[in-house]
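Step one of this worksheet: look at the structure below.
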Amino acid sequence: MKVLLTGGTGYIGSHTAIELIKLGYEVEIMDNLFNSKITVLDKIEEITGVKPKFYKVDLLDKEGMDKMFGEGGYDLVIHFAGLKAVGESVEKPLKYYENNVGGTINLLECMKKHGVNKIVFSSSATVYGDQGVAELTEEMQTGVGITNPYGETKHVIEEILKDVAEAEPDFEATILRYFNPVGAHPSGLIGEDPNDIPNNLMPIIMKVSTGEIEKLKVYGDDYDTPDGTGIRDYIHVVDLAKGHVAAIEKMKPGVSIYNLGTGKGTSVLEMVAAFEKASGKKLPYEIVGRRAGDLAEIFANPSKAEKELDWKTELTIEDAMNDTINYLEHLAKK
Ligand code: NAD
Ligand code: UD1
């Protein structure tokens with residue numbers, strides 16, 4: 001099976017490429033390299049022995065996309081490409097709608113023109129908004145109380161996929177709602193290496209540990225949680241990558257939606273403690289006020305993916321921290 005990964009040089013896409021290649025899938029990657037580096041392809045080759053064919057194309061470049069699909073002969077697309085900086089999306093909403101929603105429409109049009117009817121889409125737990133409960137299941141109503149344009153783009157794209165599936169009976173879409181991806185490949189060769197300024201917890205912890213950021217600002221310790229800090233479901237990126245393999249092996253007509261998470265929540269201070277334990281170093285932090293739009297506690301109910309995709313997470317927060325530190329050591333040696 002020949003699979004196109006949009007955004008495949010990015011953090012989650014590159015880990016997924018490795019898992020697919022290991023299982024014998026033919027993988028090609030397209031990316032505009034806005035938030036990733038071309039050298040990722042060499043790392044994928046170092047790990048798997050295979051260097052995927054690469055197209056430097058923008059989702060919004062209709063001609064370039066058409067040409068790529070004309071050459072490709074793909075059976076399926078995994079659609080990772082998108083902008084994901086929540087803060088920036090509040091300042092530049094049109095950029096986010098154009099890139100994420102407009103880009104997905106171009107992609108879907110190209111797929112239709114070239115007879116590709118299977119897509120896996122990178123969605124996010126953010127589509128649940130504020131449900132008033134911590135444990136999230138796929139049947140919950142989505143799209144209410146999303147606090148930023150980035151999250152809205154994920155919700156809108158989910159709705160577009162549902163509408164296309166209504167219109168085209170042979171269309172197969174799997175929506176994967178990721179919880180909080182963390183960690184790196186155990187080889188230390190690839191991990192999260194954003195070109196932009198991070199605003200997620202783990203990339204900030206990484207930059208604090210290397211001294212690029214002075215200290216972690218913990219956004220609030222007065223939540224109704226055991227230690228007062230926010231609780232999230234952190235999933236190792238290799239487990240997440242394997243979730244994509246499980247998903248493409250079980251594609252079916254219509255739209256299928258799965259949470260990809262561990263089912264277990266971890267607080268910000270527990271993440272700090274886990275990083276300190278793995279690195280043997282203190283991580284400087286200070287408690288500051290709450291961040292607008294944050295929820296106290298959310299975690300996945302992953303039982304649908306466990307049952308229908310025969311997939312569940314195997315790695316722990318300790319694994320994620322050890323792999324992150326190994327990756328940081330590799331980066332430092334460069
Ligand atoms: P990433 O930024 O590392 O990867 C996304 C890739 O898409 C980048 O390499 C970027 O250059 C590329 N890209 C962006 N716009 C493009 C365009 N117009 N044309 C071509 N390429 C383009 O991000 P990631 O963490 O690997 O996330 C992958 C997907 O998963 C994204 O859609 C993201 O929104 C979603 N997601 C991520 C998280 C997370 O915390 N990392 C959580 C939930 C959902
Ligand atoms: C955030 C986004 C969400 C997006 C997801 C993945 C917000 C409000 N939510 O989710 O829309 O889908 O990233 O890109 O931005 N934290 C700190 N200090 C920091 C950074 C984070 O204390 O410097 C805390 C947060 O308050 C939260 C936890 O760490 O409790 C995780 O934060 P983060 O990594 O940003 O993920 P989410 O808030 O789950």
Taking GluC sites (Glu not before Pro) in a DSSP loop with at most 15 other Cβ atoms within 10 angstrom as exposed, one finds the longest site-free stretch of the chain at 1-138
The stretch 39-55 and the stretch 195-256 have their Cα centres apart by a whole-number Å value of 25 Å
For the stretch 229-281, averaging the sequence separation of alpha carbon pairs under 8 Å that lie six or more residues apart and dividing by its residue count, the contact order in percent is 59 percent
DSSP beta bridges in the chain: the antiparallel percent, rounded to 5, is 5 percent
Residues whose modelled amide H sits under 5 Å from the amide H of Val27, counting only those 5 or more places away in sequence or on another chain, are Val3
Computed over the chain, the relative contact order (Cα-Cα under 8 Å, seq sep at least six) in percent reads 19 percent
Nearest 10, in degrees from 0 to 90: the angle of helix 237-249 to the longest Cα principal axis of the chain is 30 degrees
The rounded separation in angstrom of the Cα centers of the stretch 128-142 and the stretch 271-295 is 26 Å
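Given Cα pairs under 8 Å that are at least 6 residues apart, what percent is the relative contact order of the stretch 52-192?
Values: 165 pairs, mean separation 36.7, N = 141.
That works out to 26 percent.
The numbers here are math on the coordinates, done by the rules we state, and not lab data. This one's a predicted model, so the numbers in the text were calculated from it and none came from an experiment. We place every Cβ from the backbone using ideal geometry, glycine too, and count neighbours over all the protein chains shown.
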